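See below for the structure under consideration.
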Amino acid sequence: MTPRSEGETDASRALKSALLRMHAATVLFGLSGIFGKLCACSPAMLVCGRAFFAVGALSLLCLARRHAPWQGLRCRDLAGLALSGTLLTVHFVTFFMGIQLGGVAVGTLGFACFPAFTTLFEALAYREKPSGREYACMFLVSCGLVLITPSFSLADAATAGLAWGVLSGAVYALVAIANRRTATNMSGTQACWWQNLVIIVCLLPFTAEQFSSVSDLDWLWIACLGLICTALAYSLYVSSLAALKARRAAVIISLEPVYAILAAWLLFGETPGPRMIAGGLLIVGTVLRMNRA
């Protein structure tokens, strides 16, 4: 075997490993909705507890790497992390409200429209006029949301869940834009540590009295969210980016609703109807197209 072919083989193995880690991270991100559905405590308590576990796990990771989360940060960086962490708090709370009210499929598909909001908000923030293709994609996502709407009354819990899911997607788009401004001078682990710390600061005053009433089983689901769906998933995601192009990674992450809906179908019997399947395919297909554009 020639040196060139050996190099190509090593590169191919690295790419396959990165793809495996990225798909694993996407599956774990998708399982967030499953654990949120299983947990009986309030969304605020769930998010606050998840953040405690995530900060603990990420702290151990930072110690292993001998790089404290506060090293190399400027005051401007901390202000940006405070903003993005606050927005992330709102995103997580609204996301799990959508899951608990509307179910995993409805809440996750509502959130899946966040790339369309990102396009819209970036156009406003950076005065970047969307292209005709991007306008078409936003229109198709809107059509998909209409298709998956259970009824056009907020008195319907499933419709209210979809509304909360869409709101979580809109807020997450703001998180992505805030990260674009502030997270360029730090590692992903460092940014994640600070953002989860901000989540604790934001929610602890409202949830401190709820800690003692959380059941042991709910603590198990919260720990799974913090350790598996946050710390582990984010570590797999970040490590895979060394060998994957950002665009390819974005395409794989867009499959998160698919994994979440399949898991809910198998575990809870949440069988999607024809309209939900059509709307879901339209949303996910459009998001995949946006990421490839």
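Screening PRO69, PRO115 for residues that are open to solvent by less than 50 Å² (accessible area, probe 1.4 Å) and over 29 Å from ARG289 (Cα atoms) leaves exactly one candidate, PRO69. Just one of (1) hydrophobic (A, V, I, L, M, F, W, C); (2) under 26 Å from ASP156 (Cβ atoms); (3) over 14 Å from the mean Cα position of the chain (by Cα) fails for LEU20. It is (2). Return yes or no: is SER84 within 27 Å of PHE111 (Cβ to Cβ) and among the small types (Gly, Ala, Ser)? Against the criterion (within 27 Å of PHE111 (Cβ to Cβ) and among the small types (Gly, Ala, Ser)), SER84 qualifies. The condition of being in a helix (DSSP H, G or I) and crowded, with 24+ Cβ neighbours inside 10 Å holds for LEU88. Per the listing THR26, THR94, THR89, the residue uniquely closer than 23 Å to VAL258 by Cα and at pLDDT 90 or above is THR94. Looking at GLY36, GLY56, just one residue is part of a helix (DSSP H, G or I), in contact with a Phe, Trp or Tyr (Cβ under 9 Å, 6 or more places away or on another chain) and open to solvent by less than 70 Å² (accessible area, probe 1.4 Å), and that residue is GLY36. Screening ALA68 with (1) over 22 Å from LEU109 (Cα atoms); (2) in a helix (DSSP H, G or I); (3) among the aliphatic types (A, V, I, L, M) gives one miss only, at (2). Across region 195-212, a minimum of one residue is classified as assigned to a helix (DSSP H, G or I), small (Gly, Ala, Ser), open to solvent by 20 Å² or more (accessible area, probe 1.4 Å) and without any contact (Cβ under 8 Å) to a residue 40 or more places away in the chain.
Taken over region 120-152, the residue count meeting the criterion of being open to solvent by 50 Å² or more (accessible area, probe 1.4 Å), within 30 Å of THR271 (Cβ to Cβ) and without any contact (Cβ under 8 Å) to a residue 60 or more places away in the chain is 4. Name the single residue, out of those in region 153-172 being open to solvent by 30 Å² or more (accessible area, probe 1.4 Å) and under 16 Å from the mean Cα position of the chain (by Cα), that is farthest from ALA105 (Cα to Cα). Only one residue fits best here, namely TYR172.
If the condition is being of a type in the set (Ser, Thr, Tyr) and farther than 17 Å from THR108 by Cβ, then region 138-152 contributes SER142, SER151.
The values are calculated or read from the model by the stated rules, or taken from the named source; none is laboratory data. Quick caveat: nothing in here was measured; it's all calculated off a predicted structure. So basically every Cβ, Gly included, is an ideal-geometry build from the backbone, and we count neighbours across all protein chains shown. All accessible areas refer to the heavy atoms of the entire protein, side chains included, with ligands and DNA or RNA removed. Shrake-Rupley method; radii C 1.70, N 1.55, O 1.52, S 1.80 Å.
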